[in-house]
Every structure is written in C-alpha cells, then in structure tokens.
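One structure below.
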Amino acid sequence: MSTKNSKPGLTYNTAKWAAGLEYEQLPEKVIEAAKYCFLDTIGVALGGLRTQPVLKVKKYVEDSSNRGNCSIWGTSIKTTAELAALSNGTACHALDFDETNYSSIGHQAAVIVPALLALSQEQQYHGRDLLTAFVAGYEVMGKLGLAVNPSAYLKGWWTTSLLGLTGAVVACSRLLRLDQEQMVMAIGLGASFSSGLRSNFGTMAKPFGVGKTAMDSVILSRLAKAGMTTAPDHLDDDSLFLSLTSDQVSANVFDNLGRPYELENPGVAFKRYPSCSATHAAVDAILSLVSEYNFVADDVESIRCEIPPLVDTCLIYTNPDNIEHARFSLEACVAMALCEGNLDNSVFTEQKIAAPGLRTVMKRVQRHVRDDFNSGQKIDSPQPKEAARLIVHLTDNRRLEKTVLFAKGNNENPLSGTELETKFKGLAHGYLSDDTSATFRQMVLDLESLKEVSILTDYL
C-alpha cells in the first residue's frame, strides 16, 4: 500500500480494528442491541413501503435494465445488490421512524442494515457474520460522529449520509472480509464521496439520501475489494475530510474503538413516534400532562416549549403545510399529539395537518430556546441533547409543567424488547401475517444461530 506518511495513523489503525473484529469479541449487550436494530429497521422499512419517495425509487429500479437476485422488500422484484440497497434503504427512513445515535446525530442502522442484507443475498453468510459487520460499521460511524460533532451538524451537514457512507462501507467491507489494507481504501472511498445537507429535512431527498448512502456503500466496498485505491489518511487528525467537515475535530476518539461500543454508550435511541427524534421529549411531556390532568385541546390557552439549541436546529418548520414538514415541526407534533391523544403513523395525514382545529392549536405552541438543560445534571451523568420543558396554561387558570430530559426510547429511558417487537408487528401488518411476523421476529432475535442470512429476505 502506498502511503503519504511513513508510519500508520488513525485510519490504518481503524481499518485494522474493523477488519480484525470477530463475533467472539462482542459483549452480549452489544449483540442484543444489534439484533433489535435489525428488527426495528426492517419494521420501519415495511411501514414506509407505500410512501412517495419509496414508490419513486422502486419505479426507477423497475425501469432499469439491471437484474439480479436481491429483493426489493414487500415486492417480488429482484435486482442487483446496489439497487436493492437503494430502494430498501429509502424505505428504512421514509417515515423517519428509525433509530437515532447521538454520537453521529444520525440514523446509523438505516444505512447499514439494507446494504448488508442486499449483499447477503448474493453470497451465503452466517448470522454471526452479519452481526459482526453491523457492529463494526455502527462503531466506526459513531466514533466518526464523536470526532466531528456537534460542529459538523451545526454547520449544516446531514450526518446520516455524511458519516454514514464511511460507516456502511466499513460494515460491507467487514462482511466481504476485506483485509486491513483493503479496509483502509474502503474507508478512504467512503470519506471521499460522502455528503448530505440538513436543508433537505421534510423532503423526499432525506430518505432518498439514506438509500443512496446504502447503495454507494455496496459499490465502494466492492471496489475496495477489487483494488481501487485512494488516500490512506482520511481519518487522521490532519485530514481534509475532517477539517472541511468540522471546526472542532477530535480524531483521537478512534483510539477508543469498542471502549465502549457505540451500541452500549450512548446506545441506541429507538423511536416511539414517526417523527424527528427532536420532537419526542416534547410529545412525551404533553401526553403525560394530558394523562395526569385530563384536559383536551380546547382547554389550552398556551403551551410554552423550552428546548435546547439542537432541537431548534433540527425542527425547521414552525408552520408546516404537509405531513413531511410536520415530522420536523415542534409546533405540529405537540399540537397533533394533544388533539389526537397520540402521535402514531395514522395521525400523519394531509387531511389532519390541514384541519382548522389543529392549525388553531399549533398557534398556541411557542418555542423558546435555552441552553441550560445540563445544569442540573452531575458531570458523570448522561447529558440530555433533545430535552423539553413544557409549561401549559389552561383556560381555567391552571398552570401545568413537565420536563422530559430523555424521551422514551432513549438509552436512558429505553423501550423494552416487548415494546420493540410490538412496534415491528404493527409496522409489518399488511405485509406479513401474524404467524409469519412472529417467525420472522424470532429469527432476527436468534440471528447469531442463523446459518443462512438470506432466509430473512425470503420473508420480505
């Protein structure tokens, strides 16, 4: 391998770690989290199959002349691994219902899972291979997030695709058993051709960006295996990729791969609601207050939502005019939860977002940014990033208050395995019968024992 520097740097050491990772090294908690990532991601993909961005991408795939043996989930269509990853990856993020990692400030499983499952249909892999590859990619993407965030996110990069390409390339490369020299090139290719802008929030380009990242990771990992070369230092602390991405780079985090694993800390934030995770603490708060004090939307005079800067940055629509914008609106999600008594996928319809009653309630929701949510936390305690404090004034002069530092589903306030399995069952309804859904769920939860991973996609 030709290198710019005489001694291996962080990129080479990261590649060595990823290429050498074995299933036997993985803690039980990490394996369990990885399996639930697969289950949750596939579930939200099935739930999103009828959305417009997925239908448009699927039409593109159908119209292409590329044929293969990889499945477009929810259909009988077979295509190449690249195009399967594109279509299925778009579905994984179409509802914005997939998991969040707070190191990357992104949706790591949505880019990694469809890429790995597409590749697994072209060659037989054991479930342990799939889990190991997933953990490797998730870990590198998370540590990359720690290296460049929050600066990268606040500059306007959409870190799911910006960082996700490198993470997913590492995952695919580990599944393909690239050696460490090839893995260096795979990392370099991922860093070189990654991108993504937050200005696409609330548009079809956002879920498409996940699909394209998954597709590109399949392509680049294969090219690295075939001998494609690139600069070997893209994760080193003086690299252009890191310096152009962020104003505050901490590349030394790559010295701590697996110590702890990202799947342990900060862990996985699984979603209860099909909306941007930045809305969840506020939605939890309003639903909790309604349950405790038994009031309805007409009783509300005003709602003051105090939020940290990151939440304000993510939720870019204050007066959304369609359901995709509503998923990224604090005002809409709080008002919808109050009016409907929940925020499940049935709430996100064009008819409901246009209803005069909802628009009236939305005007009573006012956001206020504050940066002191961490002030009451001990230094060694988890620090909230997407918290909310609601102060509700009712027409009978009551003043109600609720603070949620960690929304339900966060690692600090997790959803149970039973709750995640129930979420999958609901999302898969219409594509999988109850019996098939139960069988599929058990196969994923026993993934380490599955001798042929491609069996999973036969169900999809």
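The values are calculated or read from the model by the stated rules, or taken from the named source; none is laboratory data. Keep in mind that this is a model prediction, so the values were computed, not measured. All Cβ positions, even for glycine, are placed from backbone atoms using ideal geometry, and neighbour counts span all protein chains on display.
Structure notes:
- Going through (1) assigned to a strand (DSSP E or B); (2) in contact (Cβ under 8 Å) with a residue 24 or more places away in the chain one by one, Val334 falls short only on (1).
- Boolean, Asn294 is over 25 Å from the mean Cα position of the chain (by Cα), modelled with pLDDT of 95 or more and surrounded by fewer than 17 Cβ atoms within 10 Å (Cβ to Cβ): yes
- Check on Phe373, assigned by TED's automatic domain parsing to the domain that holds Leu287, out of contact with any Asp or Glu (no Cβ under 7 Å at 6 or more places or on another chain) and buried (at least 19 other Cβ atoms within 10 Å of the Cβ): yes
- Residue within region 295-310 that is over 22 Å from Glu401 (Cβ atoms) and touching a helix residue (DSSP H, G or I) at 6+ places or on another chain (Cβ under 6 Å) present: no
- Index of the failed condition, Glu28 passing every other in (1) within 30 Å of Leu146 (Cα to Cα); (2) in contact with a Gly (Cβ under 9 Å, 6 or more places away or on another chain); (3) modelled with pLDDT of 95 or more; (4) surrounded by fewer than 24 Cβ atoms within 10 Å (Cβ to Cβ): (2)
- Qualifying residue in region 286-295 (condition: part of a helix (DSSP H, G or I), hydroxyl-bearing (Ser, Thr, Tyr) and touching a strand residue (DSSP E or B) at 6+ places or on another chain (Cβ under 8 Å)): yes
- Here Met443 meets each of (1) surrounded by 13 or more Cβ atoms within 10 Å (Cβ to Cβ); (2) over 23 Å from the mean Cα position of the chain (by Cα); (3) without any contact (Cβ under 8 Å) to a residue 40 or more places away in the chain with one exception, condition (2).
- Taking the criterion of being assigned to a loop (DSSP other than H, G, I, E, B) and closer than 20 Å to Val283 by Cα, the residues of region 409-460 that qualify are Gly409, Asn411, Glu412, Asn413, Pro414, Leu415, Ser416.
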